[in-house]
Amino acid sequence: MATEYRFYSALRLAVRLVKKWFPEYALIGRFARNFYAPPETTLDVDFLVNLDDHERLKKFLEYASPRFQVSPMDIGHWQYKLYIKSFRFDLVKPKGYNYDPEVVARRRHIKLEPISEIAILPPEDLAVLYLVSSLDRGVKDLIKAKDIVAYSKARGDFNEEYFLRKSEENKVKHLALTLLSKM
């Protein structure tokens, strides 16, 4: 119970901090995946943010580093690790992923007790993100995309046309078509 309280306290702090500096954030990774597919355990919580805004990233690092453990401390990476109360939170923007205003506008806002409201990517965008990540990280991310698509389609919570359009914009339409043909 104490560990759970510490985790939720750390997550609440992380959400407030990320929301302050990157209001367009969305939770991704297994934490978000668990809303759409069978749950898996995770050792961290991933936030998708605009790491291409170097000025804002610099200000975030200057603010966060005296308060929390943050690495790396220089600009230009696709991932930053933030430790709060010994829990890890990653700020990421995978290489090649187009986190555009349309994706930001489609985020789902969920009330998660005892945190507050959190933003997560909808299943189509999360699946596209996994397809993009699979180009570097391999088959495990393809399987995550497949699970999200399969379970979301089964619930009637999946816009295939949007998914294919965003896959094309992110240069992974060939993977999306292959994935859909296997279902």
ask   = Taking segment 54-113 on its own, how many of its residues are touching a Lys or Arg at 6+ places or on another chain (Cβ under 9 Å) and small (Gly, Ala, Ser)?
value = 3
ask   = Quick check: anything in segment 14-23 basic (Lys, Arg) and not in a helix (DSSP H, G or I)?
value = no
task = Could you grab me the full set of residues in segment 117-152 that are farther than 18 Å from residue 40 by Cα, charged (D, E, K, R) and modelled with pLDDT of 95 or more?
result = 124, 125
task = Could you tell me which numbered condition residue 157 fails, if it satisfies all but one of (1) crowded, with 17+ Cβ neighbours inside 10 Å; (2) in contact with a Pro (Cβ under 9 Å, 6 or more places away or on another chain)?
result = (1)
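I'd like the residue in segment 81-95 that is among the charged types (D, E, K, R) and within 20 Å of the chain's Cα centre (by Cα) and, out of all such residues, is surrounded by the fewest Cβ atoms within 10 Å (Cβ to Cβ).
Looking at residues that are among the charged types (D, E, K, R) and within 20 Å of the chain's Cα centre (by Cα), I get 95.
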key: Residue ranges of helices (runs of 4 or more DSSP H) in segment 29-148 with at least 1 members in contact (Cβ under 8 Å) with a residue 12 or more places away in the chain and in contact with a Pro (Cβ under 8 Å, 6 or more places away or on another chain)   = 123-137
remark   = A careful count of residues in segment 160-183 that are open to solvent by 10 Å² or more (accessible area, probe 1.4 Å), in contact (Cβ under 8 Å) with a residue 24 or more places away in the chain, assigned to a helix (DSSP H, G or I) and under 22 Å from residue 93 (Cα atoms) gives 3
inquiry  = residue 13 - would you say it is open to solvent by less than 40 Å² (accessible area, probe 1.4 Å) and touching a strand residue (DSSP E or B) at 6+ places or on another chain (Cβ under 9 Å)?
reply    = no
ask   = Can you tell me which residues in segment 38-80 are under 15 Å from residue 13 (Cβ atoms) and open to solvent by 50 Å² or more (accessible area, probe 1.4 Å)?
value = 63, 66, 67, 69
Scope segment 96-106; condition open to solvent by less than 40 Å² (accessible area, probe 1.4 Å) and in contact with an Asp or Glu (Cβ under 9 Å, 6 or more places away or on another chain); matching residues = 99, 100, 103, 104
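The values are calculated or read from the model by the stated rules, or taken from the named source; none is laboratory data. From a predicted model like this one, the values you see are computed outputs, not experimental measurements. In this analysis, Cβ positions are derived from the backbone assuming ideal geometry, glycine residues included, and neighbour counts consider all displayed protein chains. Only protein heavy atoms, including side chains, enter the accessible area calculation; ligands, DNA and RNA are left aside. Shrake-Rupley method; radii C 1.70, N 1.55, O 1.52, S 1.80 Å.
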